[in-house]
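The values are calculated or read from the model by the stated rules, or taken from the named source; none is laboratory data. As the structure is a prediction and not an experimental result, all values here were calculated from the model. Neighbour counts are summed over all protein chains in view; Cβ atoms, including those assigned to glycine, are modelled from backbone coordinates with ideal geometry.
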Amino acid sequence: MSAMASIVPLDVDGTAGTDHPVDGIISQTQSMQLASNNRDGANETAELDGSVSIDAITVNTTAPSYDFQGFSSTNKVEPCEDQCKCTHPYFNKWDGGYHCLDCRYRLNNTPEAIEKNKDRLALEAELEKNTPVDVIGEGQSVGSMSAARGVSIGFLLAFTKFYNCYDWNSWDIIRKILKPATEEHRCRVVELPEMASFVGPAKTFISYAQAGKWGDLVAAIADGGADLDRCVWIDLFAIRQWPSDKPDLDFASTIEHCSSFMVVCSYLKEVEETDFEAVVTGQASIYDLDVSVKRQICFARVWCLVEAQKACSMVGMPFIMKVGHHVLGADGSLTFDPAPSNMLQILIFSVDVKKAEATVESDRQRIIADIVAGVGVDKLNSTIRGAIIAAAGTKNGAIQCAACGDGNAIQTLLADPKSIFDICAGGFEGLLTTLLDSAIITDINMKDGDDGKTALMFASMGGHESCVRALLDAGADKDAKNTNDRTALLFASVRGHESCVRALLDAGADKDAKDNDGKTALMSASMTGHESCVRALLHASADKEAKDYKGMTALMFASMAGHESCVRALLDAGADKEAKDNDGGTALLLAPMAGHESCVRALLDAGVAYSTTTGLTTLFFMRITLLILPGYRSIRAMLFSISRWRQWEAEIASSKAPLTSSKLRL
Ligand SMILES: [Zn+2]
């Protein structure tokens, strides 16, 4: 077992590293059965492709499960044969530009285009002028009116079944169904007469990436036996899909009128296949993936972060994450299949809202600046990470339905004391309070059956400060240990949840408690690169020189994993720069092994003495031998490290500033 191997596989639930992390952690698929209806006679085979011509979508005349009868519109579109003379019917208006939904032709991007399309532009301007305006009623606001435009989950299921649009993305839904349906009055979908019985005040705001599959979204929303009468807010139905003076873009005020927030992310093979070791050591992340993939991850896009930040800033707002894909059974049943744990781990270790992207750079800068000035980047990262951790650990989608206020789900939860684990993992403060107020919890330090975690550990692992504080107030044991001797403080530290680390330290939790590998909270936070937690622990005088059973210190872990900011925080606090592990290795030896020049530079800047080349090389190759032992999964990444290290060595040998020869005796 090498030192390197010990930093690598960290499971979603923070349990010990193995080569096959978290097998079995993902719950059994939660199945949601659609009421079975006669599919005969339904024209569900229409092959639709938005880039070419579209024939009418034939309306299904059999009654679907929620009695949705389809929209009365037909969808007849002439093929657009000459791209220079777009005859497609629908245009989006972005920043004053008209973009064809079918061929992306732009009506007015050049003076020539404006001249050529002046009749069409005049027609669009006229239609836009005639778009009805909203009247804000007595006691109402833009937000309250927007939130009233929810649609029932039963409708979503029926709609999706009716149009057989499980594999479409949202753009297809807009183009092929919603635009034609609302064309006549240029109204919102919820304003159509056919929608009257499916619209109501939204309880759950749904945030998702429009490039993801529609079926995944609907299956995620319905997962866990959701109340079919609960209304959810989805932009497609609630927003006018036509240009107007006042577009419906006030998402933040809409969220204020909702009582739960759900983020849905489709399963993505490319994310699952990203090299986990490379992600942990910062050499790869989801943000390096192709834009076509990133477009499907909502928190990789800044616009979705506007919504996430709002939800994150609302006290007690359940923040739910669902990651997975839909499975359509032969009998018409729709099931949500959660993503495999390795995809979730990669998401957890990659999340960094600062790296989110936008088509327009100025949008990106403004939104990130808003987050920095608002809840803060660390808090938003921690919230998203916590929601993914909960998604990975939650064994029952009913918990999330209960968090969204579904009565039956709440009753089921309150009858089972063990539901406290999932409630705490999800950070559902309201449910926790209800549960603690009931007589059903007789032992607040009860341990779960897997590895002996307490409710406090689940809440700490997910970064749910309010639940941590509620549990501490209710007398939870702050120093309880699981079967690996991990404490709540260790769980919070390894996941980078600074607010929970502080709450536990404030309550007097043992800051130097060690797990059965001898790791402390400070080592855990250093290893995973969570500078804010490292600083909080150092501020609380956590032992900087503590060693794990291999003799490794926090500084060595930070150096080896390449977390320069943590290295600097530890050096600033006066950590012993020359400390040796059981093999005689030091922080300066461990950093180059993984190719982390920035950490080496930080150590050299701090005046760490450099050993002789001979000694260095000997130790280096000794360690490489250890690394080749079974258990190290990514030989490719290791070889990369070696070549990188050599390159680095050559670079330093020939470099002048800032590495002076007095610092380097090569
Ligand atoms: Zn066109």
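The number of residues in the range 497-524 that are assigned to a loop (DSSP other than H, G, I, E, B), surrounded by fewer than 22 Cβ atoms within 10 Å (Cβ to Cβ) and of a type in the set (A, V, I, L, M, F, W, C) comes to 2. Please go through the range 294-304 and pick out each residue that is at pLDDT 85 or above and either within 14 Å of Ile384 (Cβ to Cβ) or in contact with a helix residue (DSSP H, G or I) (Cβ under 7 Å, 6 or more places away or on another chain) (or both). Selection gives Lys294, Ile297, Ala300.
In the range 524-534, the count of residues that are touching a residue at least 40 places away in the same chain (Cβ under 8 Å) and more than 15 Å from Ala492 (Cα to Cα) is zero. Scanning the range 87-134 for residues that are among the aliphatic types (A, V, I, L, M), at pLDDT below 85 and more than 11 Å from the ligand (Cβ to nearest atom) returns a single hit, Val133. Filtering the range 399-450 to residues that are in a loop (DSSP other than H, G, I, E, B) and of a type in the set (S, T, N, Q) leaves Ser438, Thr442, Asn445.
Test Thr87 against the stated conditions and say whether it is of a type outside the set (Gly, Ala, Ser) and either assigned to a helix (DSSP H, G or I) or under 30 Å from Cys231 (Cα atoms) (or both). No: the conditions fail for Thr87. Among the residues of the range 383-413, the one identified as touching a residue at least 40 places away in the same chain (Cβ under 8 Å), of a type in the set (Ser, Thr, Tyr) and out of contact with any strand residue (DSSP E or B) (no Cβ under 8 Å at 6 or more places or on another chain) is Thr394. A single member of Ser499, Ser493, Ser526 is under 18 Å from Cys599 (Cα atoms) and either within 25 Å of the chain's Cα centre (by Cα) or at pLDDT below 95 (or both), and it is Ser526.
Name the one entry in Ala226, Ala238 that is small (Gly, Ala, Ser), crowded, with 18+ Cβ neighbours inside 10 Å and closer than 19 Å to Ala211 by Cα. Criteria check complete, one pass: Ala238.
Looking at Asp473, Asp450 in this structure, which one is at pLDDT below 90 and of a type in the set (D, E, K, R)? Let's see the steps before the verdict.
Details: Asp473 fails: at pLDDT below 90.
When all the criteria are applied, what remains is Asp450.
Only residues that are out of contact with any Ser or Thr (no Cβ under 6 Å at 6 or more places or on another chain) and without any contact (Cβ under 8 Å) to a residue 40 or more places away in the chain were counted in the range 451-467, giving 4. Taken over the range 241-259, the residue count meeting the criterion of being surrounded by fewer than 19 Cβ atoms within 10 Å (Cβ to Cβ), closer than 19 Å to Leu178 by Cβ and within 26 Å of the chain's Cα centre (by Cα) is 2. A Cβ distance below 7 Å, combined with a sequence gap of six or more or placement on separate chains, defines the contacts here; from the range 267-293, residues that are in contact (Cβ under 8 Å) with a residue 24 or more places away in the chain reach residues that are assigned to a helix (DSSP H, G or I) and among the aromatic types (Phe, Trp, Tyr) in the pairs Val279/Phe349; Val280/Phe349. Pairs are defined by a Cβ separation below 6 Å, a sequence spacing of at least 6 or placement on different chains, a first member in the range 245-256 that is outside any helix (DSSP H, G or I), and a second member that is modelled with pLDDT of 80 or more; the pairs so defined are Asp248/Ile239; Asp248/Arg240; Asp250/Val142. Checking the structure you have, find out if any residue of the range 140-162 is in a loop (DSSP other than H, G, I, E, B), within 16 Å of the ligand (Cβ to nearest atom) and free of Cβ contacts under 8 Å to residues at least 60 places away in the same chain. Looking for residues that are in a loop (DSSP other than H, G, I, E, B), within 16 Å of the ligand (Cβ to nearest atom) and free of Cβ contacts under 8 Å to residues at least 60 places away in the same chain, one finds none in the range 140-162, hence no.
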